[in-house]
Amino acid sequence: MAISRRIVLHFPHRLVNQPIVSRLVKEFGLEFNILKAAVTPGEEGLLVMELTGNRRDYDRGVKYLTEAGVKIQSLSQDVVRNESRCTHCGACITMCPTGAFTLEQGTRKVIFNDNKCVVCELCIKACPPRAMELYF
Ligand code: SF4
Ligand code: SF4
């Protein structure tokens with residue numbers, strides 16, 4: 001049975017330039033579609049992708065990634081902003097690896113573009129009033 005999942009891969013710095021993802025195709029016959037890619041300030045690599053294949057190959061591919069040191073997160077997780085808590089302090093703007101926060105000229109409000117978010121969770125820890133939340 002074929003399955004398709006949207007997942008986030010977190011690559012430690014030592015793996016960022018390794019051909020890990022191409023091995024999913026060559027060795028496990030999986031197909032992937034990269035939706036977003038980014039490098040965090042700590043130089044962790046982030047890839048949001050749709051991974052497709054038959055169940056057995058998918059499980060083997062995920063096991064291979066995990067054993068290689070890649071952390072895998074399901075995109076059923078979502079980062080949202082609690083608007084009533086946000087003070088528009090701007091602390092999240094420079095730290096978000098994908099530029100999901102922008103400062104609106106004129107109002108000086110911080111806009112959250114959730115379609116750019118790759119669920120790295122960096123803003124959750126960094127937001128002073130804890131306005132950024134993880135949902136499952
Ligand atoms: S760090 Fe938190 S409070 Fe500050 S602008 Fe970002 S989301 Fe709002
Ligand atoms: S979790 Fe926060 S810091 Fe990470 S990509 Fe999403 S908005 Fe940016």
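Since every read-out is calculated from the coordinates, none of them should be taken as a lab result. Please read these numbers as outputs of a predicted model, since none were measured by experiment. For neighbour counting, all protein chains shown are included, and Cβ atoms are generated from backbone atoms with ideal geometry for every residue, glycine included.
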Discussion item. Test of understanding: ordering MET132, MET95, MET49 by Cβ neighbours within 10 Å, fewest first, what list do you get?
Written reply: MET95, MET49, MET132
Item to complete: Filter the trypsin sites (Lys or Arg not before Pro) in region 43-99 to those in DSSP coil with at most 13 other Cβ atoms within 10 Å of their Cβ, and list the result.
Response: ARG85
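Let me spell out the model: positive unit charges on the Cβ of Lys and Arg, negative unit charges on the Cβ of Asp and Glu, origin at the Cα centre of region 83-136. What dipole size does that give, in debye rounded to 20?
Around 140 debye, computed over region 83-136.
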Fill in: Rg/Rg_globular for the chain, with Rg_globular taken as 2.2 N^0.38 Å and Rg from C-alpha atoms
1.17
Worksheet, complete the sentence: Checking region 29-116 for GluC sites (Glu not before Pro) in a loop per DSSP with at most 10 other beta-carbon atoms within 10 Å yields GLU83
Item to complete: Pick out which of THR52, THR87, THR40 has the largest mean-square fluctuation in a Gaussian network model of the chain, springs linking Cα atoms closer than 10 Å.
Response: THR87
Discussion item. With +1 assigned to the C-beta of every Lys and Arg and -1 to the C-beta of every Asp and Glu, and no other charges, what is the dipole magnitude of the chain about the Cα centre in debye, to the nearest 20?
Written reply: 80 debye
Worksheet item: Once the Cα atoms of helix 55-68 and of the chain are each reduced to a long axis, what angle between those two axes, in degrees from 0 to 90 to the nearest 10, is obtained?
Response: 70 degrees
Worksheet item: Given +1 on the Cβ of Lys and Arg, -1 on the Cβ of Asp and Glu, and no further charges, what dipole in debye does region 1-61 carry about its Cα centre, rounded to the nearest 20?
Response: 140 debye
